[in-house]
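Structure record follows, encoded as C-alpha cells.
The values are calculated or read from the model by the stated rules, or taken from the named source; none is laboratory data. These numbers come from a predicted model, not from an experiment. All Cβ positions, even for glycine, are placed from backbone atoms using ideal geometry, and neighbour counts span all protein chains on display.
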Amino acid sequence: MASPRLLFADPEGRLYDHPTLLAAARHGEAVGEPDETPVPLPEFGRVTSLPGRLPIGIDPETGEPIIVDEITVDGRTFVPTAVGAFVQPGWTRTLLPADEPLAGAPVLPQWAYTAAGWGEDGPVVWALHTDRRTHWDPRQFSTPELEGLVHARLLADSSNRILRQLKICALEYRCFTSQNLFYCRDEGAIPASIMCNARCVGCISDQPEDGPPASHERMDDAPLAEEMARVGIHHLVNAPGRTMVSFGQGCEGEPLTRWKVIEKAIRKMREATSRGSININTNGSLTEGLDALFAAGLDAVRVSLNSANPSLYSAYYRPIGYDFSDVDASIGVARKRGGYVALNLLLFPGVTDREGEVEALCDLVARHRVDQVQTRSLCIDPQQYLAVAAGAETSGDPIGVPQLLERLQKARPGLVIGNFARGLDER
C-alpha cells in the first residue's frame, strides 16, 4: 500500500493532496512519518482545516519533515493551512496532526484533532476502532421525530430544570446521552451541579476569556433532588434493554459537589424501582460523598482522569481542595462497595503513552481491579496540552497508543477497553 500523501487546505477551506510530500503525524513533541497503518476515514468522521497552522509533510526521498509555508495550485500561490480530522464515537485516535503554528495563531476549538492524510481511495486517519457496539450509531440520533419527543416530555413536566437544560443539549449540542433521555432508551443524562472543584485546562463548559470558546454552556440553575428523581424514575421504569441513568454531564460542573442532593434523588429512584443501572461520571474528588451514593443505591462509577501521575493530573485538572490521592481513594471505595468501576481516560498520543505514564496507569488499574477503561480522545488544542505536559513531571518515551492499551489489558486480565458505558447485563 502506498504511503498516504499530505493533505492541506487553501484560505477558503478547500482541501488538496500534495503532489509529492507524504503525510506526517505528531506523536507528542515528535513529528515524522507515521509507523502505524492508517484506516479509511470512518463514515461519520470529517476532515477539518486547522487555522493559523502550516502543514508539515515528509520528503519521500530523505524522510525529513518539511514545513509548507507557500504552495502554488492551478497558477494560484497561497499560504496553505494544516488539516486534521475528527472521528466518531467508538474510535480512539493514535496520532495527532503535524502542523507548525504561526505567530498569533488562535487557540483551536475543543475537538479531538486526529492525524489525517490522503490514501489511494480517499482520506485516511490514524485511529483505532475501540468500541464496535452499535447503540451509539449516529444514525440513531438527531432523527426527525426528536424535536416532537422533546416538546412532549417538557409538556408533561414543564417546571423541571433538568429537562429544560437537556432540551438545549439534545437539540443544539446534539448530545447523544441527552437525546437518549427523550428517546427513552439506553444511557440517559441527569445533570446535577453548576459548581466544580477543578479548573480543567480543557473544560468544555467553562473557559477563561483568552481561551477557546466553550463547546457547551454550563447549566446555571442547580436542580432539586425531586426533579432529578422524576427524570431518573421515568427513564429507569420505561426505557427498555440496557437501561441506565448517569449523573455528571458535559453541561455541568462536578456532581459530587452536590452529593447530598444526589443521594436523596437516588434513594427516591430506588424506592420507586429496582430496574436498570445508576451511574455517576465524576472526577472522584470527594470520597465521602461517593461512598454515601453507593450506600444509597449507586452501582457504577466512571472516574475521569488524564493521568495516574499526580504531577500531570494536577497540571491539567488544577484541583481545588483535593488532590490525586483523593481520586485514588474514591476508586478504592467504589471497588469495596462492589460497584462497576470504569476510568474515563482522557487520552493524548505522545503523553498518555509515555513509559512512566503507562506504568502508573497499569498500577492503578491492577491495584483497584478496574473493570473498564473508556478511552476518550482529549478535546483540546494539541499545543495547549503539550504545554501542560511540559510543566509536569513525566518520564519515559512514548510507546504508542496500541501498545498502551495492550499493556493495560496485561496488567488487568479481563479489563474491558471501549468508549461507552456498560449496562447491567454487559458487565
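Miscellaneous remarks
- Subset of the stretch 110-167 that is without any contact (Cβ under 8 Å) to a residue 24 or more places away in the chain and under 19 Å from the mean Cα position of the chain (by Cα) - its residue that is surrounded by the fewest Cβ atoms within 10 Å (Cβ to Cβ): Thr134
Here is a yes/no grid of residues against (1) of a type in the set (A, V, I, L, M, F, W, C); (2) within 20 Å of the chain's Cα centre (by Cα); (3) at pLDDT 95 or above; (4) closer than 22 Å to Gly276 by Cα:
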site	(1), (2), (3), (4)
Glu172	no, yes, no, no
Ser215	no, yes, no, no
Asp220	no, no, no, no
Ile233	yes, no, yes, yes
Val237	yes, no, yes, yes
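- Positions within the stretch 239-271 being among the small types (Gly, Ala, Ser), buried (at least 19 other Cβ atoms within 10 Å of the Cβ) and at pLDDT below 95, in sequence order: Gly248, Gly250, Gly253
- Any hit, the stretch 99-116, residues being among the charged types (D, E, K, R) and part of a loop (DSSP other than H, G, I, E, B): no
- Residue within the stretch 179-192 that is exposed (fewer than 14 other Cβ atoms within 10 Å of the Cβ) and closer than 17 Å to Gly232 by Cβ present: no
- Flag for Glu252 being farther than 20 Å from Cys196 by Cβ and acidic (Asp, Glu): no
- Flag if Gly297 is surrounded by 23 or more Cβ atoms within 10 Å (Cβ to Cβ) and touching a strand residue (DSSP E or B) at 6+ places or on another chain (Cβ under 9 Å): no
- From the options Pro34, Pro11, Pro60, Pro55, residue that is crowded, with 19+ Cβ neighbours inside 10 Å and outside any strand (DSSP E or B): Pro34
- Test: residue in the stretch 185-205 that is out of contact with any Pro (no Cβ under 6 Å at 6 or more places or on another chain), assigned by TED's automatic domain parsing to the domain that holds Ser277, under 28 Å from Trp91 (Cβ atoms) and part of a helix (DSSP H, G or I): no
- Count of the stretch 37-49 residues which are in a loop (DSSP other than H, G, I, E, B) and surrounded by fewer than 14 Cβ atoms within 10 Å (Cβ to Cβ): 2
- Taking the criterion of being assigned to a loop (DSSP other than H, G, I, E, B) and over 22 Å from Ser3 (Cβ atoms), the residues of the stretch 63-92 that qualify are Asp69, Glu70, Asp74, Gly75, Val79, Gln88, Pro89, Gly90.
- Only residues that are in a helix (DSSP H, G or I) and among the acidic types (Asp, Glu) were counted in the stretch 301-334, giving 2.
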